[in-house]
Amino acid sequence: MQDVLIDSADGVMTLTLNRIEKKNSFTQAMYSTCADALLQAADDATVHVVVIQGHATIFSAGNDISDFLSRGATGPDVPVFRFLRGLATFPKPLIASVCGPAVGVGTTLLFHCDLVYAGDNAAFSMPFVNLGLCAEAGSSLLAPRMMGYHRAAEALLMGDPFMAEAALEVGLVNRIVPPTEANNVAQSQARKLAAKPLPSLIETKRLMKKGQMAEVLAQITEESESFGRLLQAPHAKEAFTAFMKKRKPDFAKS
Ligand code: COA
């Protein structure tokens, strides 16, 4: 089975995260597949809308942690950076359907989506600090802007999960639905958008995003540099090793 399923129909390209046995955690190959799909969707006139969805029990556990341990290079050509840049600059409507845990990039990618539908079991978290890392995907800029500074600080510094109701309250999601219906709701909204005039959708999105586009891209680059440095440091190594060995990290040793 492929880890990301790609399907196009009726003007809607759907990316389904399909690595359920590892809780849809992202490998480099999955970032690459998603980045390529977004590039293709941006250029393909028959695609009007992209939907990113997971399973009724899990959206994504974020970056694959064993993959973190082996990740070396940073820079604009690495798959995760291509994916984040593709999300931030995607010119057409981008919809997410989120159920169950949405950890790390599983939450931060949502800051780049235009519409987000959440199952009532959705749990969002950005535990970068707990892993010895820092905010990524522009979240250090977009989370305070969307959620307010103190709520963003709680989410990013404490790393505790917040549930669908809290995400609705801060405007990170548009609607809460039963988990078994989330993907259908996202698809139905996507088809409604796909039937609208594409140039008007593109122009309206461009006008809404243009004020912060350069700032967001600069923030993603700066975060990536810090993230790459912290990835190689002892705190992160201890956090990843602890996760793989199913024990609590001990940062006193790092
Ligand atoms: N990277 C690699 N493997 C992961 C993973 C990740 N981010 N998240 C989960 N997995 C793996 C587990 O190691 C486990 O593998 P195993 O069956 O070989 O032991 C399998 O997926 C199931 O995970 P498990 O933790 O048993 O599921 P759960 O339902 O109890 O909890 C989560 C789900 C998402 C809450 C939990 O897996 C989790 O917190 N994952 C780590 C999230 C994280 O810190 N991501 C990095 C963000 S930057």
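A compact table of results
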read-out: Residue tally, condition within 11 Å of the ligand (Cβ to nearest atom) and not aromatic (Phe, Trp, Tyr), over segment 224-248; value: 7
read-out: Test result for Cys99, more than 9 Å from the ligand (Cβ to nearest atom), in contact with a Gly (Cβ under 6 Å, 6 or more places away or on another chain) and under 18 Å from Val4 (Cβ atoms); value: yes
read-out: Filtered residue count, segment 112-137, keeping only those that are within 15 Å of the ligand (Cβ to nearest atom) and either more than 17 Å from Glu169 (Cβ to Cβ) or not hydroxyl-bearing (Ser, Thr, Tyr) (or both); value: 17
read-out: Among residues of segment 231-254, those that are in a helix (DSSP H, G or I) and either acidic (Asp, Glu) or open to solvent by 50 Å² or more (accessible area, probe 1.4 Å) (or both), counted; value: 9
read-out: Test for Leu168: is it in contact with a helix residue (DSSP H, G or I) (Cβ under 8 Å, 6 or more places away or on another chain) and hydrophobic (A, V, I, L, M, F, W, C); value: no
read-out: Residues being more than 19 Å from Arg82 (Cβ to Cβ) and of a type in the set (Asp, Glu) - total across segment 1-58; value: 3
read-out: Check on Leu5, open to solvent by less than 10 Å² (accessible area, probe 1.4 Å) and closer than 17 Å to Gln187 by Cα; value: no
read-out: Checklist (1) over 11 Å from the mean Cα position of the chain (by Cα); (2) part of a helix (DSSP H, G or I) applied to Leu110, failing item; value: (1)
read-out: Every residue from segment 147-189 that is charged (D, E, K, R) and assigned to a loop (DSSP other than H, G, I, E, B); value: Asp160
read-out: Segment 151-204: number of residues that are farther than 22 Å from Ala118 by Cα and of a type outside the set (S, T, N, Q); value: 11
read-out: Candidates Pro76, Pro144, Pro91, filtered to the one that is assigned to a loop (DSSP other than H, G, I, E, B), under 30 Å from Val177 (Cα atoms) and open to solvent by 10 Å² or more (accessible area, probe 1.4 Å); value: Pro91
read-out: Residue within segment 196-212 that is farther than 30 Å from Ala9 by Cβ and either of a type in the set (Phe, Trp, Tyr) or loosely packed, with under 14 Cβ neighbours inside 10 Å (or both) present; value: yes
read-out: Among the candidates Ala143, Ala153, Ala135, Ala195, residue that is small (Gly, Ala, Ser), under 21 Å from Gly100 (Cβ atoms) and either at pLDDT 95 or above or within 19 Å of the chain's Cα centre (by Cα) (or both); value: Ala143
read-out: Meets criteria (open to solvent by less than 30 Å² (accessible area, probe 1.4 Å) and either over 15 Å from the mean Cα position of the chain (by Cα) or modelled with pLDDT of 95 or more (or both)) for Gln40; value: no
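Rundown of residues vs (1) within 11 Å of the ligand (Cβ to nearest atom); (2) under 16 Å from Ile220 (Cβ atoms), yes/no style:
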| position | (1), (2) |
| --- | --- |
| Met1 | no, no |
| Cys34 | no, yes |
| Ala37 | no, no |
| His55 | no, no |
| Asn63 | yes, yes |
| Gly86 | no, yes |
| Pro93 | no, no |
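The values are calculated or read from the model by the stated rules, or taken from the named source; none is laboratory data. Just so it is clear, the structure is predicted and the values come from calculations on it, not from any experiment. Please note: Cβ atoms are built from the backbone with ideal geometry, for glycine as well, and neighbour counts cover all protein chains shown. Quick note on the areas: whole protein, heavy atoms, side chains included, nothing else; ligands and nucleic acids left out. Shrake-Rupley method; radii C 1.70, N 1.55, O 1.52, S 1.80 Å.
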